[in-house]
Every structure is written in C-alpha cells, then in structure tokens.
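Every read-out reported here was derived from the displayed coordinates using simple, explicitly stated rules and does not represent laboratory data. This structure is a prediction, so every number in the text was calculated from the model and none was measured. Note that we place each Cβ from the backbone using ideal geometry, even for glycine, and neighbour counts take in every protein chain shown.
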Amino acid sequence: MPYKNVVIYFMSGTGNSYRVAEWVSRIAEKEGIPKVEFSSIETGIADEREQEGTGILGLVMPAHGFTTPWHMIKFACKLPRTRQSHAFSISTRAGLKFGKIFPPGLSGTATFLTALILFLKGYNVRGTTAIDMPSNWMSLHSGLKHSKAEAVIKRNKPKAESFMQAILSGRKQWLTLNNLYESIGGLLLLPVSVLYLFAARFFLAKLFFSNWKCNSCGICAEKCPVEAISMRGKGKARPYWKYNCESCMRCMAFCPVEAVEAGHSWGVILFYITCSAAAMHFLSLLKSHISALNFISGLWLESIFVLLYFYFALGVSYFFFSLIVRIPIINRLFTLTTLTHWYRRYHEPQTKLKDLSR
Ligand SMILES: Cc1cc2nc3c(=O)[nH]c(=O)nc-3n(C[C@H](O)[C@H](O)[C@H](O)COP(=O)(O)O)c2cc1C
Ligand code: SF4
Ligand code: SF4
C-alpha cells in the first residue's frame, strides 16, 4: 500500500526506543513517503494525525516486566478512534553480549498488548516486532561496556530496518519466529507481568535515592517523562521519587554527577517491611485491638488487605527513608551498600537528553 504519511510515537527512558524510532523513520523517508514524523509520547498526540486510509501509525517503547509500560498503555488508550488507518508496534528489549553470543531479551506481551489496544481503536495492525538493544535495567546489572553496547546496536539496526521495509511494502509481520518466541514467553510470564504492572514497579520506584554527590541541579525532576520526581527539602533540595515513576532509568542514566542510586541494602529492608508476612502480622495486631476488623478473613479479603498494606507501608517507609538519607553518614552507608554505586551507567551512545522529549 503506498502510504502518504507515517506518524511514529516513541516512549524512551535511555534512548534505545528513540533510536529505533529514528531508524524506522529514516527508512520511511528513504522509501519516499511524503510526510514522516516521529515524536515522543511526552509531547502528546499531534493534532494533525496520520491520514485515514493512507497513513500508518507506529508505537515504539521499551519492554518493562515482559509487557508494555503503563505510560505507553495510557497513551495508546488516549489515541483517537479510526476506521481505516494502518498501524504497527515495536518494543525494544534487553539485548546482551557475552563473548560472541548475543542473548535476546524477552518483551513478552509488550507489542501484542499495544497491538490489541490499537485494534480496539479501529486500526488495521499490520505487524509487531521486538528489537534487542543494550539492556538499560541498571537497578539489576551494570550498564553494558561501550564496545558491547555498540555491537548490540550495530547487529540489530538492520532488523528494525527490514521490519519497516516489509511493513511499508504492504507485507504483514505477524507470523515470524520472533513473534512466536515472544508470544510463548509472554503467556508463560503473564502472571509476572500483571504483578509488575500492579505492584513491582512501585517497589522499584521506591528504591531510588540520590547519593552525596547530588548538587540539587533538578535536571532529573525536569526531564522525568512522567513528572515522578519532586525536589524536596529546605536549603539543599533533593529528588523524591513518587508512585508514578515508571523506572525508565532516565534519571539514573543522565544525572550529570551519577548521583541517582537504586538502593539494594534499602531494598532488602523495604522487602521485609512490605512483604505479605509483615502485612498478616500487622492485621493480627489490628484485630487484637479492633474486634470490628475480624471480618477480614478468607483468601480474597486478606489478599486485598495485603495489597493495601503494601502500598501504605511502601509510601510511609519511603517517606522516612527520604528523610534519614539526608543525614550524611546514613547516606554514605546506603550508598556504599548499593550495587548501582559501583555499576556503569548506560544510555544509547548517540542520544542526548533533549532528543528524548522531542
Ligand atoms: C524496569 C525495567 C524493566 C525491564 N523489563 C524488561 C523485560 O521484561 N524484558 C526485556 O527484554 N527487557 C527489559 N528491560 C530492558 C529494556 O526494555 C531495554 O533495555 C530497552 O531497550 C530500554 O529502552 P529505552 O532506552 O528506550 O527505555 C527492562 C528495563 C527496565 C528499566
Ligand atoms: S540527582 Fe543528579 S540530576 Fe537529580 S538533582 Fe541531584 S545532581 Fe541533579
Ligand atoms: S523518576 Fe527516573 S526512572 Fe522514574 S520515570 Fe522519572 S526518569 Fe524514569
């Protein structure tokens, strides 16, 4: 089908998805599509959208917890309904390199969920794919060495380009080995994805703190794609991570003095405070003092209590943590016992902070 315009929206924490969106846009330009635009979902939905019948819309985002990040789910849900437009979705996932081996990441349901939302919006979804880019999950592991990151990027660029060429030439991209691998993995890991979307991402957000190198510049708060950081405290304001943090790693990757940490020793303490055993202990304490609460029993009511306790305990304990971590000696203690302090930071090598919100 000869498209007249291509509109691509990307979500990107550390530049991988931005880079893939840029590659596929260039292919559209090379193929002679008259109008090609790509922009961050942070800038919102453009007034002038892809033309119905002759346009195609693409969504590009990272995989988080083997599925689509909330930020992209919400964006896709806000897209206006259409009847004839075509669409595609691409996720980027954690590519690694060990010697000569390039183990793939696993996007799971990431591209299928966005494709489903697009389909429900009336789009004719032509295909999906997942592209390996250097893993940016720096709360888990050190950023890849520059040479390894470059090798992963170089290896996967042609895959993104040939996917786009196929889509533009009218070939559907559903029945591929990559999609088979992703759908099996996605289904098997669906419980993990649901847990990630409703609980784990909040836990990850509450691990962040700034170490003693923080100079209160506020760049992390200003550039966060979801405004999840507020600068708090009189005098030397420090970043405070809110519940809506997507754990996209942008603040950690781009802090000019590498002050953003994800506290591992703090994570262990937080785990014990928020775990279901602590919740049940708290419930039995409450019941022993307030007999009206005895109705909370059975799997469903107790599970709801555990979940509510989790959010409450997470918020309260993080608030206290953010206060004590301002004390220099405590800050040093948590900083020196977090692995991220010794990890390499990663962002897509050619990507500048300003590119991500273009
Ligand atoms: C919180 C978090 C969760 C992630 N989950 C997954 C995952 O489930 N599967 C995967 O292959 N990669 C996962 N990754 C890696 C990223 O999806 C991958 O590095 C992506 O290319 C980052 O893109 P960006 O720079 O555009 O944000 C995760 C990264 C983070 C920070
Ligand atoms: S954490 Fe980094 S980016 Fe954020 S205020 Fe401190 S120095 Fe600036
Ligand atoms: S606070 Fe940091 S990790 Fe969380 S969404 Fe904002 S930039 Fe991303």
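Report the net charge of residues surrounding residue 314, where surrounding means a beta-carbon distance below 15 angstrom and charges are Lys +1, Arg +1, Asp -1, Glu -1.
Once positives and negatives cancel, what remains is +3.
Can you compute the FRET efficiency between residue 277 and residue 190 using 1/(1 + (r/R0)^6), with r the Cβ-Cβ distance and R0 = 41 Å? Round to the nearest 0.05.
Calculated value: 0.95.
For a protection proxy built on the mean count of beta-carbon atoms within 10 angstrom, sort 240-248, 143-151 highest first, please.
Ranking, from highest mean packing down: 240-248, 143-151.
Tell me, what is the FRET efficiency for residue 264 and residue 31 to the nearest 0.05, using R0 = 56 angstrom and their Cβ-Cβ distance as r?
0.75
In a Gaussian network model over the chain where Cα atoms closer than 10 Å are linked, find which of 119, 98, 312 has the largest mean-square fluctuation.
98
Based on the mean of other beta carbon atoms within 10 Å per residue, what is the order of 255-261, 179-185, most packed first?
Taking the mean over residues of other Cβ atoms within 10 Å, the ranking is 255-261, 179-185.
In the stretch 172-234, if the dipole is taken from +1 on Lys/Arg beta carbons and -1 on Asp/Glu beta carbons about the Cα centre, which of 187, 233, 198 is farthest to the positive end?
233
With charges set only on the Cβ (+1 for Lys and Arg, -1 for Asp and Glu), what does the dipole of the stretch 198-339 come to about its Cα centre, in debye to the nearest 20?
Charge dipole of the stretch 198-339: 420 debye, to the nearest 20.
Which residue, chosen from 8, 339, 73, occupies the Cα position most advanced towards the positive end of the dipole of the chain, where the dipole is computed from +1 (Lys, Arg) and -1 (Asp, Glu) charges on Cβ about the Cα centre?
339
With only Lys, Arg, Asp and Glu charged, each at its Cβ (+1 for the first two, -1 for the last two), find how big the charge dipole of the chain is about the Cα centre; round to the nearest 20 debye.
Magnitude of the dipole: close to 580 debye.
How big, in percent, is the set of alpha carbon pairs in the stretch 167-308 lying more than 25 Å apart?
Above the 25 Å cut-off, the stretch 167-308 has 53 percent of its Cα pairs.
Run the reach check for residue 213 against aspartates and glutamates, Cα to Cα strictly under 20 Å, same-chain hits fewer than 8 apart removed. What comes back?
By straight Cα distance, residue 213 reaches 222, 258, 261.
Packing-wise, with mean Cβ within 10 Å as the measure, how do 155-168, 296-309, 54-67 rank, highest first?
Averaged packing, sorted descending, gives the order 54-67, 155-168, 296-309.
Pop a pseudo-label 7 angstrom from the Cα along the beta-carbon direction at both residue 342 and residue 146 and give the gap in nm to one decimal.
2.3 nm
Please find the FRET efficiency linking residue 297 to residue 45, where r is the Cβ-Cβ separation and R0 is fixed at 45 Å, and quote it to the nearest 0.05.
0.45
With an 8 Å cut-off on Cα pairs and a minimum separation of 6 or more residues, tell me the relative contact order of the stretch 199-341 in percent.
Relative contact order here is 28 percent.
Which of 4/121; 148/234; 121/154; 159/354; 97/206 have a Cα-Cα distance over 32 Å?
148/234; 121/154
Considering only DSSP beta bridges whose two residues both sit in the chain, what percent are antiparallel, to the nearest 5?
Antiparallel bridges make up about 25 percent of those DSSP assigns within the chain.
Please get the size of the charge dipole for the stretch 5-190, origin at its Cα centre, with Cβ charges of +1 on Lys and Arg and -1 on Asp and Glu, quoted in debye to the nearest 20.
Dipole about the Cα centre, nearest 20: 460 debye.
At 4 °C and 1.567 mPa s, what whole-number value in µm²/s does Stokes-Einstein give for the translational diffusion of the chain, with Rh from the Kirkwood sum over Cα pairs?
For these conditions, the coefficient is 60 µm²/s.
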